Amino acid sequence: MFRELTSTELDTLLSSIHREQHFLYYSYLTQRKQNTVHYGHYTDEGELLGVMAYLWGLPFYAFSVYPMKKSFCLRSMLSFMREQLELPKDAVGSFIMNEEEMEVLSSQIEFLKPPKKLLLMKHIHHGALPPEDQRVMRLGAPYFERIESKMKAMQTMAFTKEELCNPFYGVLEQEELIAVGGYHIYSEDYAELGNIGTDEAWRRQGYGKMVCAELTRNGRSVTSNVYLNVIEENVGAIGLYRSIGYEVICNQFIVEFVI
């Protein structure tokens with residue numbers, strides 16, 4: 001049996017889920033909750049076998065999955081949700097799962113292309129942060145159009161306009177915004193850095209590190225839980241994040257699949 005979860009059931013899930021092992025779904029239960037719908041797979045006796053959620057508002061079909069039992073049927077859940085959400089038959093979905101979930105569910109996924117390894121990193125070593133650099137400035141409302149333009153140029157698919165309510169920092173050179181960064185999530189519970197990039201002509205000069213350090217410093221001022229995701233093959237970025245105090249805490253995969 002498949003059905004939408006109630007608010008009480010979602011609260012029960014939240015009280016038991018491990019944020020760092022189910023990082024994306026945790027965000028669907030908390031900071032992104034108002035824009036999500038959650039469906040569960042139940043036995044006839046009412047036991048919950050697994051959950052899948054959908055996030056509205058992104059330019060792609062954004063899902064998150066939380067298997068709880070090996071008998072959870074992902075393929076049937078996807079068919080049910082496609083009908084409930086009235087998605088096109090040729091729609092392509094996307095979600096992030098950890099290694100254990102990949103092992104359990106991979107046989108049920110029709111991959112559009114090979115999954116990409118994604119590392120979840122957490123800021124652990126506060127003493128590794130470099131001193132503040134005055135060239136990094138907080139970007140207020142007058143810069144929002146330029147930030148949106150940068151996000152489009154960088155093809156940051158996960159960026160939404162609502163994230164402009166979170167702090168953004170950047171570096172300007174001759175009035176041009178050459179490096180920028182912000183947060184996907186910014187709360188007392190946790191912060192997730194994102195929307196980070198440097199113009200190609202200005203790379204390898206330390207600007208990205210400056211911005212990331214300031215984002216981390218500011219995030220640590222509101223919560224001790226500061227995270228970021230990075231593609232495993234992006235060795236340069238991983239080295240940068242390690243140099244300012246981040247460590248890998250969970251191995252994940254970005255998965256694109258046929259719904």
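The values are calculated or read from the model by the stated rules, or taken from the named source; none is laboratory data. Predicted, not measured: the structure shown is a model, and the values here were computed from it. Glycine gets a Cβ as well: all are built from the backbone with ideal geometry, and neighbour counts include every protein chain shown. Please note that ligands, DNA and RNA were not included when accessible areas were found on the heavy atoms of the full protein model with its side chains. Shrake-Rupley method; radii C 1.70, N 1.55, O 1.52, S 1.80 Å.
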The set of residues whose placed amide H lies less than 5 Å from the amide H of Met97, leaving out same-chain residues fewer than 5 positions away, is Phe253, Val255
Rounded, prolate or oblate: which fits segment 85-151, taking a ≥ b ≥ c as square roots of the Cα gyration tensor eigenvalues, rounded meaning a/c under 1.5, else prolate when a/b beats b/c?
oblate
Length released on extending from Trp202 to Leu14, taking residue separation times 0.36 nm less the Cα-Cα span
63.4 nm
For Lys122, the aspartates and glutamates lying under 19 Å Cα to Cα, once residues fewer than eight places off in the same chain are dropped, come out as Glu20, Glu99, Glu188, Asp189, Glu192, Glu214, Glu232, Glu233, Glu247
Student exercise, segment 47-143 dipole from Lys, Arg, Asp, Glu Cβ charges, in Debye to nearest 20
180 debye
Integer Hz, Karplus 6.51/-1.76/1.60 couplings in order for segment 192-205, x for Gly and Pro
10, 5, x, 6, 9, x, 10, 4, 4, 5, 10, 6, 6, 10
Along segment 18-28, what does the Karplus equation 6.51 cos²θ - 1.76 cosθ + 1.60 (θ = phi - 60°) give for ³J(HN,Hα), rounded to whole Hz, x for Gly and Pro?
9, 4, 6, 8, 9, 4, 5, 5, 4, 5, 5
Near Glu232, within a Cβ-to-Cβ distance under 14 Å, what is the net charge of the other residues, with Lys and Arg +1 and Asp and Glu -1?
+1
Sorting check: for 188-197, 136-145, 115-124, 36-45, which peptide has the highest mean count of neighbouring beta carbons within 10 Å, and how do the rest follow?
188-197, 115-124, 36-45, 136-145
Residue (of Pro167, Ile178, Leu193) at the positive-pole extreme of segment 67-197, dipole from beta-carbon charges
Leu193
Decide, for segment 117-259, between rounded, prolate and oblate: order the square roots of the alpha carbon gyration tensor eigenvalues as a ≥ b ≥ c, take rounded if a/c falls under 1.5, and otherwise choose prolate if a/b is larger than b/c, else oblate.
rounded
Within straight-line cross-link reach of Lys150, aspartates and glutamates at Cα separation under 15 Å, skipping those fewer than 8 residues along the same chain:
Glu163, Glu173, Glu175, Glu176, Asp199, Glu200
Report, ordered by chain and residue number, the aspartates and glutamates lying within cross-link reach of Lys113, taken as a straight Cα distance under 12 Å and ignoring same-chain residues fewer than 8 apart.
Glu256
For segment 1-51, what is the charge dipole size about the Cα centre, in debye to the nearest 20, if Lys and Arg each add +1 at the Cβ and Asp and Glu each add -1 at the Cβ?
340 debye
Output wanted: per-residue J couplings in Hz (rounded whole) for segment 45-53, from phi through Karplus 6.51 cos²θ - 1.76 cosθ + 1.60, θ = phi - 60°, x for Gly and Pro.
8, x, 7, 7, 9, x, 9, 9, 10
Roll a 1.4 angstrom probe over the protein heavy atoms and tell me the percent of accessible area of segment 1-136 that is carbon or sulfur.
48 percent
Which FRET efficiency value, to the nearest 0.05, do you get for Asp90 and Lys113 by plugging their Cβ-Cβ distance into 1/(1 + (r/R0)^6) with R0 = 22 Å?
0.90
So which residue, out of Arg135, Arg217, Arg242, gets the largest mean-square fluctuation from a GNM of the chain using Cα contacts under 10 Å as springs?
Arg135
So for segment 182-259, using the alpha carbon gyration tensor with a ≥ b ≥ c as root eigenvalues (a/c under 1.5 gives rounded; past that, a/b versus b/c decides prolate or oblate), I'd call it oblate
For n ≥ 4 DSSP H runs only, could you compute -39500 (n - 2.57) per run for the chain, divide by its residues and tell me the 222 nm figure to the nearest 500?
-8000 deg cm²/dmol
